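K.L.:
Below you'll find the structure I mean.
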Amino acid sequence: MKTTDVNAFTLKNGALFAENVPLSTIADTYHTPCYVYSKAALIDAFQQFQLGLLGTNHLICFAVKANPSLAILNLFASLGAGFDIVSGGELARVLAAGGNPQKIVFSGVGKSHEEMRAALNAGILCFNVESENELHRLNSVAAEMGKIAPISLRVNPNVDAKTHPYISTGLKNNKFGVAFESAAQLYEQAAAMPNIAVHGVDCHIGSQITELSPFLDALDRVLSLVDHLETKGISIAHIDVGGGIGITYADETPPAFAEYAKAIMQKLVGRNVKVMFEPGRALVGNAGVMLTKVEYLKMGNLDDADKPKHFAIVDAAMNDLMRPALYDAYHEIVAVEPRDGEAHTYEVVGPVCESGDFLGHDRLLNIQEGDLLAVKSAGAYGMSMASNYNTRARAAEIMVDGDQHYVIRAREKIEDLFALEIVPSPR
């Protein structure tokens, strides 16, 4: 595997296991739908990333938005990770999980006054500033608090990440970052502000990138900016190369962590800078699956002139895994206990009242009602994007550690979903 050496979800004795636990046992114990994570795969992915950076001055900041589970954040913190956050809520999560605030970088285009204050009070490592107006606001907030705000500018290098347009962030028509052409002038402004301290340069061009060339092209532009800033007397202590390295969902072949890290570090030979990375999906994507049960099989009319349409209606839906509906993203779907015999091609769909509620198109499966399916590569942007649409309670999250398994997030109860609502009294 490219993104982790541990394949935690394997067939044993004709059934799919998570490490040493049958997924059917997970479903029987905690019911479906639910998310299941492998602790071994999470640890291995992080350590593989570290392995490619041995002997370098670096910091790996997990992108919290990929999976904000407290248990997963706590695990990465124990391994020495920093964190890339994009909201005050994510800041609170990292701190609650035991993360070190001095290893937190704060990205995002819409930081509020309150979020800036919270981050300054926490003593975070750096703000990744994404606009001139944000820079002025941060200087003002820091002045009110009597603090100095450490910053990088998130520079938009106008490099095509060759990924889905919704997760491309480095082109000039994206909302993210400061235009490359105006970055130097903005750095000069920042260096002159009394409550701003320039620490670094940040660049993040997108997500699920499976080639090295976009990363290296972007870094070349960033390094030209760093060299120019040095001529202006502005020293850069760290370069944040962002995240975005992809994983294998189907037949993608992203570079191995060691290959990616080596290519980045070769560009930085002779430079006395700390290098920061912001991986998200790469650390958690293939460390998780979503379990779901087949509720109904709805078979098409075999006499139809067109190809008959068969539906496998499962108990998970777009509110549980949004990526297929949002991006038309592919997730492999497999039977937990494969059957012998004839398979049919199914649309795998959920019970939500939307035609866009699907988990997979045209999947060849031999299944019956009541069977369990595993939706693979669901550790990233699965539970983190879940919602309560159709007043559906969000799923449980389960961690597997060898032959042990335990809840890391309890399933919501329906009554929890309207506990904060108020019906006005009649006048």
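The values are calculated or read from the model by the stated rules, or taken from the named source; none is laboratory data. As the structure is a prediction and not an experimental result, all values here were calculated from the model. Cβ placement follows ideal geometry from the backbone for every residue including glycine, while neighbour counts extend to all protein chains displayed.
K.L.:
Let me confirm something: among G360, G350, G402, which residue is surrounded by fewer than 14 Cβ atoms within 10 Å (Cβ to Cβ) and touching a strand residue (DSSP E or B) at 6+ places or on another chain (Cβ under 9 Å)?
P.N.:
G402
K.L.:
Just the residues that are at pLDDT 95 or above, assigned to a loop (DSSP other than H, G, I, E, B) and not charged (D, E, K, R), please, taken from segment 132-163.
P.N.:
Answer for segment 132-163, where residues must be at pLDDT 95 or above, assigned to a loop (DSSP other than H, G, I, E, B) and not charged (D, E, K, R): G146, I148.
K.L.:
Name, by its number, the condition in (1) among the aliphatic types (A, V, I, L, M); (2) under 21 Å from the mean Cα position of the chain (by Cα); (3) in a loop (DSSP other than H, G, I, E, B) that does not hold for A261.
P.N.:
(3)
K.L.:
Any residue at all in segment 131-152 that is of a type in the set (D, E, K, R), surrounded by 23 or more Cβ atoms within 10 Å (Cβ to Cβ) and assigned by TED's automatic domain parsing to the domain that holds H238?
P.N.:
no
K.L.:
Moving on to the next point. Provide a single number: the residues in segment 7-34 that are crowded, with 21+ Cβ neighbours inside 10 Å and closer than 13 Å to N286 by Cβ.
P.N.:
The number of residues fulfilling the criteria is 3.
K.L.:
Taking the condition in a strand (DSSP E or B), over 19 Å from V336 (Cα atoms) and outside the structural domain of A250 (by TED's automatic domain parsing), does I408 pass?
P.N.:
Yes.
K.L.:
Within the set of pairs 6 or more residues apart or between chains, which connect a residue that is over 19 Å from A396 (Cα atoms) inside segment 44-71 to a residue that is surrounded by fewer than 18 Cβ atoms within 10 Å (Cβ to Cβ) and at pLDDT below 95 with Cβ atoms less than 7 Å apart?
P.N.:
Short answer, once both residue conditions are applied: D44/D5; Q48/D5; L51/A258; G52/A258; G52/K262; T56/M265; I60/Q50.
K.L.:
Only one of A96, A40, A77 is under 18 Å from the mean Cα position of the chain (by Cα), under 30 Å from I26 (Cα atoms) and not charged (D, E, K, R). Can you tell me which?
P.N.:
Going through A96, A40, A77 in turn, just one is under 18 Å from the mean Cα position of the chain (by Cα), under 30 Å from I26 (Cα atoms) and not charged (D, E, K, R): A77.
K.L.:
Mind checking which residues of segment 185-237 are touching a Cys at 6+ places or on another chain (Cβ under 8 Å), of a type in the set (G, A, S) and within 18 Å of N158 (Cα to Cα)?
P.N.:
Passing the criteria: only A218.
K.L.:
Let me ask something additional. Give A282, A325, A316 a once-over and let me know the one that is surrounded by 20 or more Cβ atoms within 10 Å (Cβ to Cβ) and either assigned to a loop (DSSP other than H, G, I, E, B) or without any contact (Cβ under 8 Å) to a residue 60 or more places away in the chain (or both).
P.N.:
A316
K.L.:
Would you confirm, using the coordinates I've provided, whether L54 is assigned to a loop (DSSP other than H, G, I, E, B) and among the hydrophobic types (A, V, I, L, M, F, W, C)?
P.N.:
Criteria met by L54.
K.L.:
May I pose another question? Filter segment 106-126 down to the residues that are within 16 Å of the chain's Cα centre (by Cα) and crowded, with 24+ Cβ neighbours inside 10 Å and list them by number.
P.N.:
Matches in segment 106-126: F106, S107.
K.L.:
Which count do you get for residues in segment 78-108 that are in contact with a Phe, Trp or Tyr (Cβ under 6 Å, 6 or more places away or on another chain) and outside any helix (DSSP H, G or I)?
P.N.:
The total comes to 7.
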